[in-house]
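Step one of this worksheet: look at the structure below.
Just so you know, all these numbers are worked out from the coordinates, no wet-lab data involved. In this text, all values refer to a predicted model and were calculated from it rather than measured experimentally. Methodologically, a virtual Cβ is constructed for each residue, glycine included, from the backbone with ideal geometry; neighbour enumeration extends over all protein chains shown.
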Amino acid sequence: MTNDKRLIWFKGDIIPVNEAKINVLSPTSQFGANVFEGLRAYWNEADKELYVFKLEEHINRLLKSIKMMRFESQYDAVFLKNSVIEIVKANKYQEDITIRQTIFLDGFGSWASASPTDMFIAPIAKGRQYPPDKIGIECCVSSWARINDKSMSPKIKMGANYMNSRMGQMEAMRNGYDSTIFLNDQGKVSEGPGSCIFIVRDGQLITPPITASILESITRTTILVIARNDLGLDVVERDVDRTELYIADEIFFCGTAVEIVPVVGVDKLVVGDAKKGMITSRIEDLYFDIVRGLSDKHKCWLTPTYKV
């Protein structure tokens, strides 16, 4: 579907995306005063159904971001959920998509304004971020520290927070890397730009805790559940040292947008066998079966678009 034919949910109406306009002097335009969720929906050809993955969890996190930003919002969980389904259905997608749901400050206020707020929801056709046959990506450890709860809490999923990711990602790309890995203010591994991180050492799956200046990631929680409960892996949440990245057997990023991405090198040092590892592959295979509705496991994580 071309951009000129795409429909967007904007301030309560369903309109062509090119007709959606935001005041250039609004706090969201001037100061990045918005909170958002990025969701995924996966097409199941056999079921002729588009499944939104963990819609309820995304809505709950959005409401928490609204609360922490002290926005005055009229939207409740039921309305937010129904609006997502409404706009996805209106576009009649029969392919994998991503969905951006954003609450923004409108009007002519300042960065300290709490209202007026409004919303847009934009579904966009999008396949897998990285094809399954891609070997992996090369990363560096960023010279930029991850934002923390004492300054700009990474628990709040807001547009302004992603400028931290921008600085790290731009630095990495200038230096010939695909992406970057942030350390927190304690010098421990935090996360990637818009993604959480897992490492494997001696068969143990390890990820930094939610107190390591990370977003409370829905994909991270998903992987913790399927790794422990479905795959029977030994999983630990703990602080991770920078040097552990250099001696890890496997590393991967995860997130709604990036899905699961193997990391095959850090700071010009090879990770494992310089290819996707066995544990990463097992997690990836089950993850994509679940999100697409091909597995009998965790059906409650899927919200159908057309059969509701």
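One table, with the values for the structure above:
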quantity: Acute angle (nearest 10 degrees) that the helix 278-291 long axis makes with the longest principal axis of the chain, alpha-carbon atoms; calculated: 20
quantity: Charged-residue dipole, Cβ positions (Lys, Arg, Asp, Glu), the chain about Cα centre, Debye nearest 20; calculated: 580
quantity: Theoretical FRET efficiency, 1/(1+(r/R0)^6), r = Cβ-Cβ of Ser151 and Gln30, R0 30 Å, to 0.05; calculated: 0.90
quantity: Contour excess over end-to-end distance, with Cα ends at Asn44 and Asp273 and 0.36 nm allotted per residue; calculated: 79.1 nm
quantity: Partner lysines for Lys188 [C-alpha distance under 18 Å; skip if fewer than 8 residues away on the same chain]; calculated: Lys150, Lys155
quantity: Cα→Cβ-extended label distance, 7 Å offset, between Arg242 and Arg100, nm; calculated: 3.3
quantity: Ser115-Asp289 pseudo-label distance in nm [points 7 Å out on the Cα-to-Cβ vector]; calculated: 5.0
quantity: Cut-off 12 Å between beta-carbons: net charge of the residues surrounding Cys140, Lys and Arg +1, Asp and Glu -1; calculated: -1
quantity: Sorted by Cβ density within 10 Å, fewest first, the residues His298, His58; calculated: His298, His58
quantity: Whole-number percent relative contact order across region 137-291, with pairs defined as alpha carbons under 8 Å at least 6 apart; calculated: 24
quantity: Ranked Asp185, Asp106, criterion: other C-beta atoms within 10 Å, fewest first; calculated: Asp185, Asp106
quantity: Range of Cα positions in the chain per principal axis (Å), largest first; calculated: 53, 48, 32
quantity: Lys, Arg +1 and Asp, Glu -1 on Cβ, resulting dipole of region 3-125 about Cα centre, debye, nearest 20; calculated: 220
quantity: Stretchable slack from Asn175 to Lys297, in nm (0.36 nm times residue separation minus alpha-carbon distance); calculated: 39.7 nm
quantity: Charged-residue dipole, Cβ positions (Lys, Arg, Asp, Glu), region 137-291 about Cα centre, Debye nearest 20; calculated: 480
quantity: Ranked by how many other beta carbons lie within 10 Å on average, peptides 277-284, 122-129 from highest; calculated: 277-284, 122-129
